[in-house]
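This report concerns only the one structure given below.
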Number of protein chains: 2
Amino acid sequence: MIEIRVEAEVKPTEDVEKVKKAMLNLVDVSKLSIVDLGGGYKLLTGVSNNISSLIKLHRLLRVERILDTARGIMLKSLVGGNTIILKFHKQSAYVGKASLITHDDESPLGPITLTVTTDKVREVIDWLAPKTSKGRPLWESPIPKV
Amino acid sequence: MIEIRVEAEVKPTEDVEKVKKAMLNLVDVSKLSIVDLGGGYKLLTGVSNNISSLIKLHRLLRVERILDTARGIMLKSLVGGNTIILKFHKQSAYVGKASLITHDDESPLGPITLTVTTDKVREVIDWLAPKTSKGRPLWESPIPKV
């Protein structure tokens, strides 16, 4: 089992479709929903129970050469549990780039937050972002069966 | 003579029309132009040489009861010259509210920046935001002839 959840706030001056595009540039989710938070603010949420939703991100982490950073953040966010959290710069995502952030205020209009919960969390991390030597992956695992 | 200039950045996930609306909710400018900054970022600029462009703002400063704050910021931004600068929260402006900010990072996606240059700058400040006693204006001047 795997639960993939991706969230982003849509600010009043933003275009819902553009925020959707930014989100889908990172993660392929089948179900998208939008909730009105009041005052012109909305919350866009995508969910998936299929690890293949993360294949796009798997590729982007390599294209952007951020495997070490991604692995570090994912291991840190585990805190003994089975959930990993990654936050991405929303404006970069819109132009198809995966840019990891560590503080929400690094991303104008708030980040895109990806939460992955699975009992095979170590396998998923090792698949998404393996250890590297000078940035080159030490291994490439097949997509985990979750 | 008066030169009124209002500027806002349009981030990739934003809607140009919504940022325009936010801007025009504060200041009535006749000419709007948009410049591509690259990477999906744009700069929206409105200009006017007519003080009546500021009538909307004149009203909002009273509705929002921010005369003292506005006056303080305008006097501070003068620094011996003839230009006043006010920055507004873009998301609040979109819903028709004038919310002054002192640091750019207070406004998600950057602020709306208003610059007013005139040789009668004191008169314009006294008209826009007179001194108050407990928030109530001590005077209300007619619109300056600039």
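Readers should treat all values here as calculations from the given coordinates under stated rules, not as data from a laboratory. Here the structure is a predicted model, which means the values were calculated and not measured. Neighbour counts are summed over all protein chains in view; Cβ atoms, including those assigned to glycine, are modelled from backbone coordinates with ideal geometry.
Take B:ILE143, move 7 Å from Cα toward the beta carbon, and the resulting point lies 6.4 nm from the same point in each other copy, nearest first. Every Cα-Cα pair of region A:9-146 was included, and the share exceeding 19 Å stands at 51 percent.
Between A:ARG136, A:ARG62, A:ARG71, the residue with the greatest mean-square fluctuation in the GNM of chain A (Cα pairs under 10 Å linked by springs) is A:ARG136.
What the phi angles of region A:12-23 give under the Karplus curve with 6.51, -1.76 and 1.60, with θ = phi - 60°, is a coupling list of x, 8, 8, 9, 3, 5, 6, 5, 4, 4, 4, 5 Hz, glycine and proline written as x. The other copies place their B:LEU37 label points at 2.2 nm from this one, listed shortest first, where each point is 7 Å from Cα along Cα→Cβ.
Springs between Cα atoms under 10 Å define the GNM used for chain B, and in it the highest mean-square fluctuation of B:ASP119, B:ASP68, B:ASP36 occurs at B:ASP36. Across the identical copies, the label point of A:ASN50 (7 Å from Cα in the Cβ direction) is separated from its matches by 5.7 nm, in order from shortest. Debye-formula intensities of the protein assembly as shown, expressed as log10 I(q)/I(0) at q = 0.13 Å⁻¹, are -0.87 (one equal scatterer per alpha-carbon, no solvent).
Among the listed pairs B:LYS18/B:LYS145; A:LYS18/B:LYS31; A:LYS11/A:LYS131, a Cα-Cα separation exceeding 28 Å is found for B:LYS18/B:LYS145; A:LYS11/A:LYS131. For B:LYS97, the aspartates and glutamates whose Cα comes closer than 13 Å to its Cα, not counting residues fewer than 8 places off in the same chain, are B:GLU64.
Among residues of chain B, the one whose Cβ lies closest to the rotation axis carrying chain B onto chain A, together with that distance rounded to whole Å, is B:ASP15, 2. Per-residue 3J(HN,Hα) values for region B:133-146, derived from phi via the Karplus relation 6.51 cos²θ - 1.76 cosθ + 1.60 with θ = phi - 60°, read 10, 6, x, 8, x, 7, 7, 10, 7, x, 4, x, 8, 10 Hz in sequence order (x marks Gly and Pro). When chain A is treated as a Gaussian network with alpha carbon springs shorter than 10 Å, the biggest mean-square fluctuation among A:GLY135, A:GLY110, A:GLY46 belongs to A:GLY135. Computed from phi, the 3J(HN,Hα) profile of region A:119-125 under the Karplus parametrisation 6.51, -1.76, 1.60 (θ = phi - 60°) reads 6, 9, 5, 5, 4, 5, 4 Hz, with x in place of Gly and Pro.
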